Amino acid sequence: MYIQRLDHSGSQAATLSVRHDHTPQNHNIWHYHEELEFIYIKKGNGTFFVGDCIQPFSDGFLVLIGSNTPHYWLFDEQYVREDQPAPAEIHAVHFKVDFCGADFLNLPDSRAIKKIYKAAERAISLDIQHSFLPQFFIRLAEKSPLSKLSSLLDTLCTITELPSLTTLVSEEYANPQQQEDYRRMNKIFEHIRLHYRSKIRLEEIAQLAGMTSNSFCRYFKQKTGKTLVQFVNEFRIGQACKMLSDTRASIKEICFDCGFQNFVSFHKTFKSITAITPSSYRDAARKPINTFS
């Protein structure tokens with residue numbers, strides 16, 4: 001599976017694209033596009049890859065992704081099966097940086113919007129507790145074309161006024177600029193996704209990338225800001241977080257199912273990445289949260 005460049009502009013007359021999906025297959029590819037992606041996963045669970053970040057997601061996940069930032073929505077199996085026992089619900093808006101006109105960003109008053117666009121290159125994670133965000137997505141499809149533009153701009157302005165923003169991609173991440181980088185990194189990510197439950201050997205990954213082990217280590221650290229071990233451990237912990245939230249499996253069962261060879265290593269790695277223990281994470285995940293219709 002190779003990364004794909006997608007075009008969400010639709011007809012030339014459309015300034016922004018508004019979608020309401022129940023088919024995660026539309027998002028289940030490693031891709032990038034010129035448009036920013038503003039997305040609300042109202043219903044759905046899985047793993048979100050963006051830049052060098054591996055982030056579990058569940059109902060109510062909200063994120064603003066910058067232009068040409070690679071990302072991949074890996075929905076859990078129950079959402080992509082043909083019989084769809086658990087249909088997903090996804091609200092997505094795609095728009096270009098100049099959706100308000102070519103000269104808009106040159107205005108002094110748009111300085112805060114430019115900062116948001118810059119931060120979005122590292123993917124801005126937004127809190128569902130800000131009730132204006134879910135309502136923005138749910139009501140947008142019913143609006144006239146002009147009202148859609150106005151509503152999007154108003155929502156972006158409100159985001160600029162939030163006290164702080166959480167970004168998911170590290171500052172060290174170097175966005176691949178060559179198509180060959182995209183192909184190579186996609187092969188690596190796909191191999192990790194398919195084989196994380198077993199031991200992943202450096203020599204095997206390096207051969208897949210067409211490099212020596214030493215060259216691959218330098219290349220991977222340059223592109224992701226992480227070592228291969230760090231990246232694989234983050235992916236495994238992401239899977240563990242989902243199992244802690246969604247299953248009754250014991251923590252030891254989850255440890256070995258996610259590819260760790262011993263419980264002490266799993267516990268230490270989990271705490272270093274999430275800052276809490278697996279049992280504390282499970283307790284927190286079981287607490288009810290507010291939802292929006």
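The values are calculated or read from the model by the stated rules, or taken from the named source; none is laboratory data. Model, not experiment: these values are computed from the prediction. Glycine gets a Cβ as well: all are built from the backbone with ideal geometry, and neighbour counts include every protein chain shown. Each accessible area value is taken on the protein alone, full model and side chains, heavy atoms only, with ligands, DNA and RNA left out. Shrake-Rupley method; radii C 1.70, N 1.55, O 1.52, S 1.80 Å.
Between residue 109 and residue 204, residue separation times 0.36 nm minus the direct Cα-Cα distance comes to 29.0 nm.
Taken per residue, the accessible surface of the stretch 113-257 reaches 54 Å², heavy atoms only and a 1.4 Å probe. Sequence-ordered 3J(HN,Hα) estimates for the stretch 212-228 from the Karplus curve with 6.51, -1.76 and 1.60 and θ = phi - 60° stand at 6, 4, 5, 5, 5, 4, 5, 4, 5, 5, 5, 7, 10, x, 9, 6, 4 Hz, glycine and proline given as x.
The simple spin-label model puts a point 7 Å past each Cα toward its Cβ; for residue 22 and residue 132 those points are separated by 3.2 nm. Computed with a 1.4 Å probe over protein heavy atoms only, the accessible area of residue 32 comes to about 30 Å². Evaluated at q = 0.15, 0.24 Å⁻¹, a Debye calculation over the C-alpha positions of the stretch 43-150 (equal weights, vacuum) places log10 I(q)/I(0) at -0.80, -1.44. The gain in end-to-end length when the residue 170 to residue 279 segment is fully stretched comes to 36.5 nm, 0.36 nm per residue minus the alpha carbon separation. Here the 3J(HN,Hα) profile of the stretch 130-143, calculated from phi with Karplus coefficients 6.51, -1.76 and 1.60 at θ = phi - 60°, is 6, 4, 5, 6, x, 5, 4, 5, 5, 8, 4, 4, 7, 7 Hz, Gly and Pro shown as x. Within the chain, the proportion of C-alpha pairs whose separation exceeds 23 Å stands at 58%. Within a straight-line Cα-Cα reach of under 16 Å, residue 114 can be paired with the following lysines, leaving aside sequence neighbours fewer than 8 residues apart in one chain: 96. Note on the stretch 193-293: with neighbouring protein chains present and a 1.4 Å probe, carbon and sulfur make up 51 percent of its accessible heavy-atom surface.
Full extension of the chain segment joining residue 34 with residue 265 gains 79.1 nm, where the gain is 0.36 nm per residue of separation less the Cα-Cα distance. Ranking 255, 107, 208 by Cα position along the charge dipole of the chain, where only Lys, Arg, Asp and Glu carry charges on their C-beta atoms, puts 255 farthest toward the positive end. Ranking of 160, 269 by solvent-accessible surface, largest first: 160, 269 (1.4 Å probe, protein heavy atoms only, all chains present).
To the nearest whole percent, what portion of all C-alpha pairs in the stretch 61-116 is separated by more than 12 angstrom?
Value for the stretch 61-116 (Cα pairs over 12 Å): 77 percent.
Scattering from the C-alpha atoms of the stretch 114-234 alone, worked out with Debye: what is log10 I(q)/I(0) at q = 0.13 1/Å? The computed values of log10 I(q)/I(0) come out as -0.72.
When the helices in the chain are scored as -39500 (n - 2.57) per DSSP H run of 4 or longer and the sum is shared across all residues, what 222 nm value do you end up with, to the nearest 500 deg cm²/dmol?
Value at 222 nm, helices only, nearest 500: -12500 deg cm²/dmol.
Close amide H contacts of residue 57 (hydrogens built in the peptide plane, cut-off under 5 Å, sequence separation of 5 or more or a different chain): 46, 47, 48.
Couplings 3J(HN,Hα) of the stretch 34-51, computed from phi: 5, 6, 5, 10, 10, 9, 10, 8, 5, 9, x, 10, x, 10, 10, 9, 8, x Hz, in residue order, whole Hz [Karplus 6.51 cos²θ - 1.76 cosθ + 1.60, θ = phi - 60°; x for Gly and Pro]. By the rule of a C-alpha distance below 19 Å, with chain neighbours fewer than 8 residues away ignored, the lysines paired with residue 252 are 199, 242, 268, 271. In terms of the mean number of neighbouring beta-carbon atoms within 10 Å, the peptides 34-41, 223-230 order highest first as 34-41, 223-230.
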